[in-house]
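**Q** Below: one structure in structure tokens.
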Amino acid sequence: ESYIASANIPSNFSKQFVAEIFKLYLDKYPNEKLAAQIKNLLSSGNSLTSRRNLFGHITASAIALNPTCSKLLLVHHKSLTKTIQPGGHVEDTDVSFHQAARRELTEETGLYDAIYMPVDEERPEVPIDVDIHLIPENSRKGEHAHYHFDLRYMFFLSTHEEKTINDTEVGGVMWTSLAADEVLSSDLARVID
């Protein structure tokens with residue numbers, strides 16, 4: 001039985017469950033060249049969502065658009081000193097990866113009205129994009145350099161004013177035109193295309 005199609009998502013996001021998500025994603029987007037890195041993650045021998053997995057772990061982020069689908073919500077991430085989409089680590093209390101992305105969106109921006117738009121209605125855990133990127137060493141947090149396997153999910157917001165910014169992680173929130181150079185020249189371009 002498919003874990004993706006069942007209503008019961010396995011606890012702790014089992015390797016079998018995660019492997020199926022990646023397989024379905026690669027079936028949907030056959031031009032993606034992620035198979036070797038995904039294989040390394042799946043064979044790392046650790047929890048795939050744990051920060052203690054020193055090879056890397058899965059994160060979830062929100063590609064959030066305004067009501068007219070003309071602007072993308074971005075946050076300035078203090079630790080990375082970059083402007084990126086809202087997102088972060090999967091928590092033990094999360095019941096799905098897209099719910100983790102929504103939680104991160106709400107935590108970082110204070111926006112609660114996110115409507116999830118699955119890329120596959122029958123398999124809502126399949127992300128619209130997977131981005132694998134190296135996170136540099138952070139001696140302040142005691143973390144070695146490692147990979148984030150970021151599962152990205154699409155959301156629409158009915159409002160566009162942030163309520164409360166999580167100023168521990170986020171230095172600011174901005175709406176950026178989908179045609180802006182910083183979007184078109186980034187890895188987000190393939191998602192909004």
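**Q** Could you check, for region 89-104, whether at least one of its residues is aliphatic (A, V, I, L, M), surrounded by fewer than 14 Cβ atoms within 10 Å (Cβ to Cβ) and closer than 23 Å to Arg140 by Cβ?
**A** no
**Q** Further question: Can you pull out every residue in region 11-50 that is among the β-branched types (Val, Ile, Thr) and not in a helix (DSSP H, G or I)?
**A** Listed by number, the list holds a single entry, Thr49.
**Q** Still on this structure, please answer the following. Output the qualifying pairs, or none if there are none: Cβ atoms under 6 angstrom, residues six or more apart or on different chains, first residue in region 93-120 and farther than 9 Å from Phe155 by Cβ, second residue in a strand (DSSP E or B) and not aliphatic (A, V, I, L, M).
**A** Close Cβ pairs satisfying both conditions: Glu104/Gly87; Glu104/Gly88.
**Q** Separate question: Here are some residues: Leu157, Leu134. Which one is crowded, with 19+ Cβ neighbours inside 10 Å and either touching a residue at least 60 places away in the same chain (Cβ under 8 Å) or under 19 Å from Gly88 (Cα atoms) (or both)?
**A** The conditions single out Leu157.
**Q** Hey, another quick one. Answer with yes or no whether Thr59 is in a strand (DSSP E or B), touching a Leu at 6+ places or on another chain (Cβ under 8 Å), among the β-branched types (Val, Ile, Thr) and open to solvent by 60 Å² or more (accessible area, probe 1.4 Å).
**A** No; evaluated as a whole, the condition is false for this residue.
**Q** Let me ask you something else. Can you tell me which residues in region 80-115 are over 14 Å from Leu151 (Cα atoms) and assigned to a strand (DSSP E or B)?
**A** Of everything in region 80-115, those that are over 14 Å from Leu151 (Cα atoms) and assigned to a strand (DSSP E or B) turn out to be Lys82, Thr83, Ala114, Ile115.
**Q** Does Ser96 count as more than 26 Å from Thr176 (Cβ to Cβ) and within 15 Å of the chain's Cα centre (by Cα)?
**A** yes
**Q** Here is a further query. Just to be sure before I move on: is Pro127 open to solvent by 10 Å² or more (accessible area, probe 1.4 Å), farther than 25 Å from Gly172 by Cβ and in a loop (DSSP other than H, G, I, E, B) in the structure I sent?
**A** Against the criterion (open to solvent by 10 Å² or more (accessible area, probe 1.4 Å), farther than 25 Å from Gly172 by Cβ and in a loop (DSSP other than H, G, I, E, B)), Pro127 does not qualify.
**Q** Let me confirm something: among Ser2, Ser44, Ser50, which residue is surrounded by fewer than 22 Cβ atoms within 10 Å (Cβ to Cβ), modelled with pLDDT under 90, among the small types (Gly, Ala, Ser) and under 16 Å from the mean Cα position of the chain (by Cα)?
**A** Just a single option satisfies the conditions, and that option is Ser50.
**Q** Look through Lys82, Lys71 and report the one residue that is surrounded by 14 or more Cβ atoms within 10 Å (Cβ to Cβ), basic (Lys, Arg) and within 15 Å of Met174 (Cβ to Cβ).
**A** Lys71
The values are calculated or read from the model by the stated rules, or taken from the named source; none is laboratory data. The structure presented is a predicted model; accordingly, all values stated were derived computationally and were not measured. Counting neighbours? That spans all protein chains shown, and the Cβs are built from the backbone with ideal geometry, glycine included. The area values use the complete protein model at the heavy-atom level, side chains included, leaving out ligands, DNA and RNA. Shrake-Rupley method; radii C 1.70, N 1.55, O 1.52, S 1.80 Å.
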